[in-house]
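Here's the structure we're looking at; comments come further down.
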Amino acid sequence: AILIPSASRCVGINSAAYLGATLTFTPKIFGYWQISTSCSVTVTDTKTNQYWSGTGNDPEAATSYVLHILYGGGDTQVDNQTEDVCVGMYIPLTAEYGPSDMALQWTVPGSIINAYEADNSTATIIPVTAAQMTYASLSYFWMDTGSGSTENEKVTLQGTLPTGDSPAVSTTFNVYRPVPTYTTKNDGPVAVDTDGAQAVGVWTLHDGLEFGNPQPYDPGIEFDYSIQPSPFGNINNITTVQIVENANVSTEQRNSDTGRDTTFTYAIPSAQLPGPLLDTSMPYSASIGRTSDSPWYPLDPPLNSAGFGAGTWSTDNLTLGESFDHDLLFLPDPPGGGVVTYAPLSTVSWMWDGVAVSNITGFSLGASTKDPAGPATGVDLPSLPVWNNNAIDAWDSPQWSVAP
C-alpha cells in the first residue's frame, strides 16, 4: 500500500500543499521493478496570500530487492537470528538475492579457513580467498573466535545495487571454542645411557644421550590434557601433533688409522629437508589424555658413514640440541554429524640439549639443559600447524658434513 498525503500545513507563516504525486514503475529482469517519483507542490504565504508552485523528480530512483542469508544448505532464512556452532564445524552459507546484477560482499569476523589437509608428509591450510567472499555461496570453518571460549560472531551479507543502494542483512553465530586444561612436567633427567637401550629407527642396542629413561620407562617430558564435555565433543576429540623446530648434532670422531680427529655436523631443517618438520606421525600418539617424549641419540659412530672415508672411527664427544612444539588440536563431533576439520587449541614449546664425552670408562655427561625446567601450562595456539616433511628420515639417515 502506498500512502500519498494530499495536503499538509505547518506552524509559521507558510503552508504547503501537495497537489499530486506520480509513481512510475519500470519492470526489471526476473520480476523486479524500479520506482521513480515526481510531484507538484504549492507553497502559500498566509500573511500576503502570495504563493509559489513547482514540480520536481526524486533525484534517486528506488529499486526493489531481495536479500537473505540461508544457512545449512537448505532454504531456511536466518536473518537476525542466532545459531550455535563450534570451531571446526562446516559453515555453509547461501545468499538469496535479486536482482541478479546485485554485487555481494560477505563479512565474517574471527579466523576462518577453507580446508586443512594433513598427513604424515605434509600439512597445508587452504585459506578463504577475497573472491570467495563475494560469491553467492560461502563455506568455511571457524578456527578461533578471538575471545577464548564463546563469542557472538555477526556475519553480514551486503548487497550493492546498480543504483548504488547498499542494503545489508546479518546473522549472529554463537561460536564455541573449548578451553583445554593442558599441563606438562619433566620427569626424567638428561643423562648418558650405557645400558644398551632400544631406540627408534635403525639404531639398536647402543649407548646414547637421552632425555628420560627408556628402560625402565621414565619419560623426559609428559603432556596431560583434557577439555570439559560439551555438546560439540569431549576429551576423545583432542589430537596431539609435535613439530620439530630444529635439531643440531655435532660429533668429534677419531680415525684410528690416522690418529686424527674430525668434527661432523648436521642440522634440520636443512636444504635437503626443508621445514617445518613433523615429528614421526600425525597424530603424535594414540593415547587419550596423556602423551610423552623421551628423545634418545646414539653415541657410537654414525651408521650412515658416507663422507667419513676409510678407517675405523670412534666417538670422542657428541653435542645435541633439539626444540619442539607440542600442539593440541580439536576435532568436533557436532550433534547430527556433518563435515568437520581440526581447530587449534593450545601449545607447549620445549627443548633439551646435552653433551656426552668419551673417557676410559665409557661416556660421561657434560653440560645439559631442559626447558621448561619444571611444570608448565600450554598457551593459546593461534593457527593450525603446517609441515613440509617428516623428521624421521633425518634421524634415521642423517646427512653429515665436515665442520669447517
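The values are calculated or read from the model by the stated rules, or taken from the named source; none is laboratory data. Here the structure is a predicted model, which means the values were calculated and not measured. Backbone-built Cβ (ideal geometry, glycine too); neighbour counts: all protein chains shown. These accessible areas exclude ligands, DNA and RNA; they are computed on the full protein's heavy atoms, side chains included. Shrake-Rupley method; radii C 1.70, N 1.55, O 1.52, S 1.80 Å.
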Discussion item. So, Thr239, is that one touching a strand residue (DSSP E or B) at 6+ places or on another chain (Cβ under 7 Å), assigned to a strand (DSSP E or B), open to solvent by less than 40 Å² (accessible area, probe 1.4 Å) and within 27 Å of Met282 (Cβ to Cβ) or not?
Written reply: yes
Worksheet item: Can we say Leu205 is at pLDDT 90 or above and in a strand (DSSP E or B)?
Response: no
Discussion item. Regarding region 327-338, can at least one residue be identified that is free of Cβ contacts under 8 Å to residues at least 60 places away in the same chain and farther than 22 Å from Leu277 by Cβ?
Written reply: yes
Discussion item. I'd like the full set of residues that are surrounded by fewer than 15 Cβ atoms within 10 Å (Cβ to Cβ) and not in a helix (DSSP H, G or I), limited to region 382-397.
Written reply: Pro382, Ser383, Ser397
Worksheet item: Among the residues of region 308-321, is there at least one that is surrounded by 15 or more Cβ atoms within 10 Å (Cβ to Cβ), over 30 Å from Thr263 (Cα atoms) and of a type in the set (A, V, I, L, M)?
Response: no
Worksheet entry | Qualifying position, being touching a Pro at 6+ places or on another chain (Cβ under 7 Å) and under 21 Å from Gly220 (Cα atoms), among Trp400, Trp395, Trp387, Trp350 | Trp350
Worksheet item: If Gly289 passes every condition in (1) closer than 25 Å to Glu117 by Cβ; (2) touching a residue at least 24 places away in the same chain (Cβ under 8 Å); (3) out of contact with any Pro (no Cβ under 9 Å at 6 or more places or on another chain) but one, which one does it miss?
Response: (1)
Worksheet entry | Failed condition for His326, given (1) in a strand (DSSP E or B); (2) open to solvent by 10 Å² or more (accessible area, probe 1.4 Å) | (2)
Worksheet item: Would you pick out the residues in region 180-194 that are polar (S, T, N, Q) and more than 15 Å from Met351 (Cβ to Cβ)?
Response: Thr181, Thr183, Thr194
Discussion item. Is it the case, given these coordinates, that Tyr284 is over 29 Å from Phe363 (Cβ atoms) and aromatic (Phe, Trp, Tyr)?
Written reply: yes
Discussion item. Looking only at residues that are out of contact with any Gly (no Cβ under 7 Å at 6 or more places or on another chain) and surrounded by fewer than 21 Cβ atoms within 10 Å (Cβ to Cβ) in region 338-349, which one is nearest to Lys370 (Cα to Cα)?
Written reply: Ser349
Item to complete: Would you point out which residue out of Asp218, Asp279, Asp293 is open to solvent by 30 Å² or more (accessible area, probe 1.4 Å) and among the acidic types (Asp, Glu)?
Response: Asp218
Worksheet item: Which pairs have Cβ atoms under 7 Å, sit 6 or more apart or on different chains, and link a residue in region 243-255 that is open to solvent by 50 Å² or more (accessible area, probe 1.4 Å) to one that is of a type in the set (A, V, I, L, M)?
Response: Asn246/Ala267; Asn246/Ile268; Asn248/Ala267
Worksheet item: Which of the residues belonging to region 350-381 are open to solvent by 20 Å² or more (accessible area, probe 1.4 Å) and either touching an Asp or Glu at 6+ places or on another chain (Cβ under 7 Å) or closer than 17 Å to Pro298 by Cβ (or both)?
Response: Met351, Asp353, Val355, Val357, Ser358, Gly362, Phe363, Ser364, Leu365, Gly366, Ser368, Thr369
Worksheet, complete the sentence: Taking first residues from region 379-401 that are under 18 Å from Thr122 (Cα atoms) and second residues anywhere that are open to solvent by 20 Å² or more (accessible area, probe 1.4 Å) and of a type in the set (D, E, K, R), the pairs with Cβ under 6 Å that are 6 or more apart or on different chains are none
Worksheet item: Can you name the residue in region 242-267 that is in contact with a Leu (Cβ under 6 Å, 6 or more places away or on another chain) and either outside any strand (DSSP E or B) or aliphatic (A, V, I, L, M) (or both) and is also modelled with the lowest pLDDT among such residues?
Response: Val249
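Table: residues versus (1) assigned to a strand (DSSP E or B); (2) within 30 Å of Pro382 (Cα to Cα); (3) modelled with pLDDT under 95.
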{"residue": "Gly73", "(1), (2), (3)": "no, yes, yes"}
{"residue": "Asp84", "(1), (2), (3)": "yes, yes, yes"}
{"residue": "Asp101", "(1), (2), (3)": "no, no, yes"}
{"residue": "Glu117", "(1), (2), (3)": "yes, yes, no"}
{"residue": "Val128", "(1), (2), (3)": "no, yes, no"}
{"residue": "Tyr140", "(1), (2), (3)": "yes, yes, no"}
{"residue": "Gly146", "(1), (2), (3)": "no, yes, yes"}
{"residue": "Lys154", "(1), (2), (3)": "yes, yes, yes"}
